[in-house]
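These notes are about the structure you will find just below.
The values are calculated or read from the model by the stated rules, or taken from the named source; none is laboratory data. Values in this document were obtained by computation on a predicted structure and should not be read as measured data. Methodologically, a virtual Cβ is constructed for each residue, glycine included, from the backbone with ideal geometry; neighbour enumeration extends over all protein chains shown.
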Amino acid sequence: MNVQYTIVIADDHPLFRSALFQSIHMAISSANLLEADSQNSLFSLLEKIGDIDLLLLDLKMPGSSGMSGLIQLRQQYPELAIVVISASEENEVVQQVYNHGAFGFIPKSSDMQTLLNALKQILNGVPYFPTTINNNNFHQQQLTTKIAALTPQQYKVLTMLTEGLLNKQIASVLNISEATIKAHLTAIFRKLEVKNRTQAVILLQQFDIS
């Protein structure tokens, strides 16, 4: 990867910062790496450096407690890509990190190859969360977000799809044109990230079951 990235490593353990520093350089030789060892030093650094591509954040640093550091960062820097790297690998912790808007979670117990693959995936714009996390709340959270993006009329159309109604029948019930129904379906498929009626129906059924 030859693209120049500015990456901040925020962790209060010098040995781990050093190991992570070396690991990142193995994957991205041209990376501009910056370090912070506390919440205060991190925010001071962020104020000075305007353009940061990625923040690798340890949850347990001086000046922060639990999710407080992540929450504050998310509020002050809503566009910043934050990936938590933590020794606290419980499902509940990962779920909270996800819910508070982090772009990824990398367990500190990850081997070198997993770490490098995760970093490459994240820098390519794809969130990374452990595949070993068996937590239905991730899927439920995604479903809830997608369903919430629908307008009331679009949701009505979607529920009628689950009843097996055709476009013409839905148009008749809602007293609108078939062309409008087709426009609604296009928007529904886009928002739900599905390709057809069948996938949309399955997604809604999963949401109802959950």
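Points to keep in mind about this one:
- Residues that are modelled with pLDDT of 85 or more, closer than 16 Å to ILE52 by Cα, of a type outside the set (A, V, I, L, M) and in contact with a helix residue (DSSP H, G or I) (Cβ under 9 Å, 6 or more places away or on another chain) do occur in segment 72-80.
- Residues in segment 31-85 that are over 22 Å from the mean Cα position of the chain (by Cα) and in contact (Cβ under 8 Å) with a residue 40 or more places away in the chain were compared, and the one that is nearest to LYS120 (Cα to Cα) is ILE49.
- Any helices (runs of 4 or more DSSP H) falling wholly within segment 105-210 and containing at least 1 residues that are at pLDDT 85 or above: 112-123, 152-162, 167-174, 178-192, 197-209
- Pairs, first more than 11 Å from PHE129 (Cα to Cα) in segment 88-103, second part of a helix (DSSP H, G or I), C-beta under 8 Å, six or more apart: ASN99/GLN141; HIS100/LEU70; HIS100/ILE71; HIS100/ARG74; GLY101/LEU70; GLY101/ARG74
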